[in-house]
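Laboratory data are not the source of any read-out in this text; all were calculated from the coordinates shown. These figures come from a predicted structure and were not determined experimentally. Note: ideal-geometry Cβ built from the backbone for every residue, glycine included; neighbour counts use all protein chains shown.
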Ligand code: BG6
């Protein structure tokens, strides 16, 4: 008899819910972007497996493997889920298991459960080889066919390229040559790729052409992990599930928008990836421009990938960088300084970085959206390493009321109204507005109204990679940028990068501060200031 239990997975969701009850937390099972019917029904991936290229790298160890375990632990993977690691090491199955269990214990969000681990580990395999090794890829292809038989993966495989983009070409060609890019019968093959998606428009196009020559666009899942964050998806809920905000969400009321991604960490240990790349390519091109698209786009007809992506594409097409870049952008590099109680080295003293490196660790720019909704409203984007604290937020700063029946003195402590979407940490939303100070005089002062996720909900948010890996297995593409979005983002950024390439050394800013002075001047010229989050 066929088992039609929709809850069949590595463990049952009820096991997991027992844990959640014990810990006083609940989890969300549904994808609010997709499930129209019962929002509490878990979405469980069908028969499938995943091959990770670059499984010994940092990303796999810190994010992917823990996320796969968390999905298994939540009962969201199919019973025969199979994980194949591919890499240069001469590892046996048990070497691979030892490696994965360490990664899981160090990084998983949910509790470690021996029975879940054992069932997951049964489906773990390792294939040794280089990325250009015909024989090793043929071995991999044979192994996958055997596993289809043994584990019931039905020919459905996702290939996760957690490797530097220089290897994309080799891996894609090998997948094609060895016949793995297409599965038998009705089975599916998908490729999941990580940024950087090129380093400018031209290279992004080449990369997209290369990938699309092997995998059709519908089988390509580009990870922008910011789109997997709950609070980023909440931008859609906030904007389109409420009546309150939309009437104000335009150039009549909004003075400007600030999108900030500040990090307190430095770049020690990441020279190989970061030197020569810099802050704009690392996060503005992807995470921050995606945030801008979600904040600024028009309402999609629904949340299917086609409709959501169409609206994002429309707004990105209308977005341009504001010139002259000498006044509308800022670029910095951290020098040594006090980060909290620790004295930390500057970028050029960090191990592996060129002592003459001109790579920026801070980038800010001004973008405009040429549409009726946003005409004349600057979007200021900034990001930096070794800043005062870690925070990602989107702030809509409102214009002053056109008329004030108060005398100037009574409003000296009032600034502009602000709506802040706090992406992390302390996920939530804040509104800042003027209120009367108690007393006989009419004095108005700014106050905050604060919504915090952790106080409002008992549900615990899944990690971005859990959501995205599951979505890729389920063929749910809403949260993955398309090749067109990627190319449009480069088109926006390229002129700024070209200008910076000719501008020599970025301005230094001491670690632990809020970036270079030129960033403050950039806003001061327009009589504005950066928020101090
Ligand atoms: C990555 C960048 O995409 O995002 C890193 O390459 C950055 O430089 C990281 O540190 C930040 O991610 P999160 O989820 O910690 O905000």
With r defined as the distance between the Cβ atoms of residue 314 and residue 356 and R0 fixed at 35 Å, what FRET efficiency is calculated, to the nearest 0.05?
0.25
Segments 470-482, 83-95 sorted - mean Cβ within 10 Å per residue, highest first
470-482, 83-95
Could you give the angle, 0 to 90 degrees to the nearest 10, between helix 93-107's Cα long axis and the longest principal axis of the Cα atoms of the chain?
20 degrees
Report the label-to-label distance for residue 501 and residue 407 in nanometres (one decimal), using points 7 Å from each Cα along the Cα→Cβ vector.
6.0 nm
Cβ neighbours within 10 Å, averaged per peptide: list 128-134, 435-441, 187-193 in order, most packed at the top.
187-193, 128-134, 435-441
Once residue 389 and residue 237 are pulled to full extension, the length gained, defined as 0.36 nm per residue separation minus their Cα-Cα distance, is 52.0 nm
Where q = 0.07, 0.11 Å⁻¹, what log10 of I(q)/I(0) comes from the Debye formula for the chain, counting one point per Cα?
-0.43, -1.05
If we count other beta carbons within 10 Å of each Cβ, what is the order of 260, 319, fewest first?
319, 260
In nm, to one decimal, how far is the modelled label at residue 138 from the one at residue 89, with both set 7 Å along Cα→Cβ?
2.7 nm
On a 0 to 90 degree scale, rounded to 10, what angle separates helix 168-177 from the longest Cα axis of the chain?
30 degrees
By average Cβ neighbour count within 10 Å, what is the ranking of 494-501, 285-292 from highest down?
285-292, 494-501
Taking Cα atoms only, helix 13-23 is inclined relative to the longest principal axis of the chain by an angle, in degrees rounded to 10, of 50 degrees
Cβ-based exposure ranking for 125, 225, in which fewest neighbours within 10 Å come first
225, 125
Would you calculate, for the chain, the mean residue ellipticity at 222 nm contributed by helices, counting each DSSP H stretch of 4 or more residues as -39,500 (n - 2.57) and dividing by all residues, to the nearest 500?
-9500 deg cm²/dmol
Taking 0.36 nm per intervening residue step and subtracting the Cα-Cα distance, what contour gain separates residue 435 from residue 177 on full extension?
86.1 nm
